[in-house]
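J.: I'd like to ask some things about the structure below.
The values are calculated or read from the model by the stated rules, or taken from the named source; none is laboratory data. A quick note: this is a predicted structure, and the numbers were derived from the prediction, not measured. Using ideal geometry, Cβ is built from the backbone for each residue, glycine included, and neighbour counts are taken over all protein chains shown.
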Amino acid sequence: MGNSHGHHRKHRFSVPNNTVPPPPYKYENSQHHYPPNQNQGTSNSNITMTTLPYANADISLRSLAAQAEGFGRCAIGGLHGSLYHVTSLLDDGPGSLRDACRKKEPLWIVFEVSGTIHLSSYLSVSSYKTIDGRGQKIKLTGKGLRLKECEHVIICNLEIEGGRGPDVDAIQIKPNSKHIWIDRCTLSDFEDGLIDITRGSTDITISRCHFHQHDKTILIGSDPKHVDDRCMKVTIHHCFFDGTRQRHPRVRFAKVHLYNNYSRNWGIYAVCASVESQIFSQHNIYEAGQKKVAFKYLHEKAADKDAEATGHIISEGDLFINGSQSGLMTENVGCNKFHPGEHYQTWTVEPPTDDLKQVLHHCTGWQSVARPADQAV
């Protein structure tokens, strides 16, 4: 994606209480040409609509670093490291992705080949790594990525599908990992989850991803026993949940900001709030299929509490179409509320229009985008 040549104007959202001053929220209203997502099979190559965030992230190779919006905004990946060129599609060995990810020093990992990497076991990613799939079409299959006790990881422009085995997730983030950004990835068809964020992992952003052909999509907080998960904070925005059955996401304990996502044709529910979760759903598009209720609440008992509790969902400016119903609880559910403005000053949010829906349909997930040139930091 190239530069955005449009204008910016300030847009203020109401804040639910007087404890948070209303900062200026960046509002993008610029016109931009986007190519269709190549794995969508569409022939419409001249879609002109409002822009997605990060219009400048592809100017140079390392422009991605610290460009995320939301809770993962500090993730720098391998910004200060050497380039590692993946030259092999083998599961391990010299020039392989696994070889790069296990190294302890910061690395910006790029690919000189396209194709499928079949993982025979979880691929563990160490701290200060960028896995940058721009310029190639890389598919990971068999098993997934594991981000364990690591920080500052960026994963961009990959396909991850076809994971097999019990408890196998496409991207597993646990425990105590932080400053993670997952951007422009296509994820589908795993036996367990597509993204699991648990055990105190926090400061994470998931953006511009395409989720399809799957049941349990994103889990944030694995168990009501893990009360330390109260520290977790996650932003999910400009993602396309395309017929996935549930968990867009399902949340325990964490604070989660959802904005400008498009969920359609869910099989059970779109978003689930469970024990003590605080979800701020802003300007998302919820398009029902056979199941009409978007929001679900589950009651569970935290390990250090005497009574069961559910979570809280604030819905601001969400669009419910095709007969969808919010299912919002209006009574006091006995837990705190949060506003993202308490944690970061700006984010790019659009009205939930049909134009936005078309952008998210065609321009999320893996993109046929050239790998930018590297420039000295």
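J.: Quick check: anything in segment 65-80 within 23 Å of the chain's Cα centre (by Cα) and acidic (Asp, Glu)?
T.: Applying the first criterion (within 23 Å of the chain's Cα centre (by Cα)) to segment 65-80 yields 65-79.
Then drop every residue that is not acidic (Asp, Glu), which leaves 69.
Yes, the conditions are met somewhere in segment 65-80.
J.: Can LEU219 be described as buried (at least 24 other Cβ atoms within 10 Å of the Cβ) and part of a strand (DSSP E or B)?
T.: Details: buried (at least 24 other Cβ atoms within 10 Å of the Cβ): no; part of a strand (DSSP E or B): yes.
Judged against the criteria, LEU219 is not a match.
J.: Would it be correct to say that LEU360 is out of contact with any strand residue (DSSP E or B) (no Cβ under 6 Å at 6 or more places or on another chain), at pLDDT 95 or above, crowded, with 20+ Cβ neighbours inside 10 Å and hydrophobic (A, V, I, L, M, F, W, C)?
T.: Working: out of contact with any strand residue (DSSP E or B) (no Cβ under 6 Å at 6 or more places or on another chain): no; at pLDDT 95 or above: yes; crowded, with 20+ Cβ neighbours inside 10 Å: yes; hydrophobic (A, V, I, L, M, F, W, C): yes.
Answer is no for this residue.
J.: Oh, and also: Report yes if LYS337 is more than 21 Å from the chain's Cα centre (by Cα) and at pLDDT below 95, otherwise no.
T.: Answer is yes for this residue.
J.: Here's a follow-up. Every residue in segment 223-253 that is within 17 Å of LYS174 (Cα to Cα) and either part of a strand (DSSP E or B) or among the hydrophobic types (A, V, I, L, M, F, W, C) (or both), please. Explain how you work it out, then say what you get.
T.: The first filter runs over segment 223-253 and keeps only residues within 17 Å of LYS174 (Cα to Cα), leaving 223-235, 249-253.
The answer is VAL227, CYS231, MET232, LYS233, VAL234, THR235, ARG250, VAL251, PHE253.
J.: Against the conditions (1) on the phi < 0 side of the Ramachandran plot; (2) surrounded by fewer than 24 Cβ atoms within 10 Å (Cβ to Cβ), where does ASP189 fall short? Just the number, please.
T.: ASP189 satisfies all of (1) on the phi < 0 side of the Ramachandran plot; (2) surrounded by fewer than 24 Cβ atoms within 10 Å (Cβ to Cβ) except (1).
J.: Could you please find all residues in segment 301-346 being buried (at least 17 other Cβ atoms within 10 Å of the Cβ) and acidic (Asp, Glu)?
T.: Of everything in segment 301-346, just one residue is buried (at least 17 other Cβ atoms within 10 Å of the Cβ) and acidic (Asp, Glu), namely ASP318.
J.: Turning to a different aspect of this structure: Would a scan of segment 103-118 turn up a residue that is acidic (Asp, Glu) and either under 26 Å from HIS237 (Cβ atoms) or touching a residue at least 40 places away in the same chain (Cβ under 8 Å) (or both)?
T.: Filtering segment 103-118 down to residues acidic (Asp, Glu) leaves 105, 112.
Filter once more, so that each one left must be either under 26 Å from HIS237 (Cβ atoms) or touching a residue at least 40 places away in the same chain (Cβ under 8 Å) (or both): none.
For segment 103-118, residues acidic (Asp, Glu) and either under 26 Å from HIS237 (Cβ atoms) or touching a residue at least 40 places away in the same chain (Cβ under 8 Å) (or both): absent.
J.: Among the candidates CYS239, CYS231, single out the residue that is at pLDDT 95 or above and closer than 22 Å to SER315 by Cβ. Can you show your working first?
T.: On the way: CYS231 fails: closer than 22 Å to SER315 by Cβ.
Sole residue among the options that is at pLDDT 95 or above and closer than 22 Å to SER315 by Cβ: CYS239.
J.: What do you reckon, is ILE180 out of contact with any Asp or Glu (no Cβ under 6 Å at 6 or more places or on another chain), touching a residue at least 60 places away in the same chain (Cβ under 8 Å), assigned to a strand (DSSP E or B) and buried (at least 21 other Cβ atoms within 10 Å of the Cβ)?
T.: Working: out of contact with any Asp or Glu (no Cβ under 6 Å at 6 or more places or on another chain): yes; touching a residue at least 60 places away in the same chain (Cβ under 8 Å): yes; assigned to a strand (DSSP E or B): yes; buried (at least 21 other Cβ atoms within 10 Å of the Cβ): yes.
For ILE180, the condition - out of contact with any Asp or Glu (no Cβ under 6 Å at 6 or more places or on another chain), touching a residue at least 60 places away in the same chain (Cβ under 8 Å), assigned to a strand (DSSP E or B) and buried (at least 21 other Cβ atoms within 10 Å of the Cβ) - is met.
J.: Any residue in segment 154-177 that is under 15 Å from ASP242 (Cβ atoms), among the charged types (D, E, K, R) and touching an Asp or Glu at 6+ places or on another chain (Cβ under 9 Å)?
T.: Yes, there is a match, as at least one residue in segment 154-177 is under 15 Å from ASP242 (Cβ atoms), among the charged types (D, E, K, R) and touching an Asp or Glu at 6+ places or on another chain (Cβ under 9 Å).
J.: Which condition breaks for CYS74 when tested against (1) part of a strand (DSSP E or B); (2) in contact with a His (Cβ under 6 Å, 6 or more places away or on another chain)?
T.: The number of the failed condition is (1).
J.: For the list (1) part of a strand (DSSP E or B); (2) farther than 26 Å from LYS216 by Cα; (3) among the polar types (S, T, N, Q), I need the number of the one condition that GLN172 fails.
T.: (2)
J.: Checking the conditions here, which among PRO351, PRO372 is surrounded by fewer than 19 Cβ atoms within 10 Å (Cβ to Cβ), of a type outside the set (Gly, Ala, Ser), in a loop (DSSP other than H, G, I, E, B) and touching an Asp or Glu at 6+ places or on another chain (Cβ under 6 Å)? Spell out the reasoning first.
T.: Details: PRO351 fails: touching an Asp or Glu at 6+ places or on another chain (Cβ under 6 Å).
Among PRO351, PRO372, only PRO372 is surrounded by fewer than 19 Cβ atoms within 10 Å (Cβ to Cβ), of a type outside the set (Gly, Ala, Ser), in a loop (DSSP other than H, G, I, E, B) and touching an Asp or Glu at 6+ places or on another chain (Cβ under 6 Å).
Let's see how each residue does on (1) out of contact with any strand residue (DSSP E or B) (no Cβ under 6 Å at 6 or more places or on another chain); (2) of a type in the set (Lys, Arg); (3) modelled with pLDDT under 95; (4) closer than 20 Å to ILE131 by Cβ:
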{"site": "ILE171", "(1), (2), (3), (4)": "no, no, no, yes"}
{"site": "PRO175", "(1), (2), (3), (4)": "yes, no, no, no"}
{"site": "ARG199", "(1), (2), (3), (4)": "yes, yes, no, no"}
{"site": "ARG208", "(1), (2), (3), (4)": "no, yes, no, yes"}
{"site": "PHE211", "(1), (2), (3), (4)": "no, no, no, yes"}
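J.: Would you pick out the residues in segment 271-293 that are buried (at least 21 other Cβ atoms within 10 Å of the Cβ) and either in a strand (DSSP E or B) or free of Cβ contacts under 8 Å to residues at least 40 places away in the same chain (or both)?
T.: VAL271, CYS272, ALA273, GLN278, ILE279, PHE280, SER281, GLN282, ILE285, TYR286
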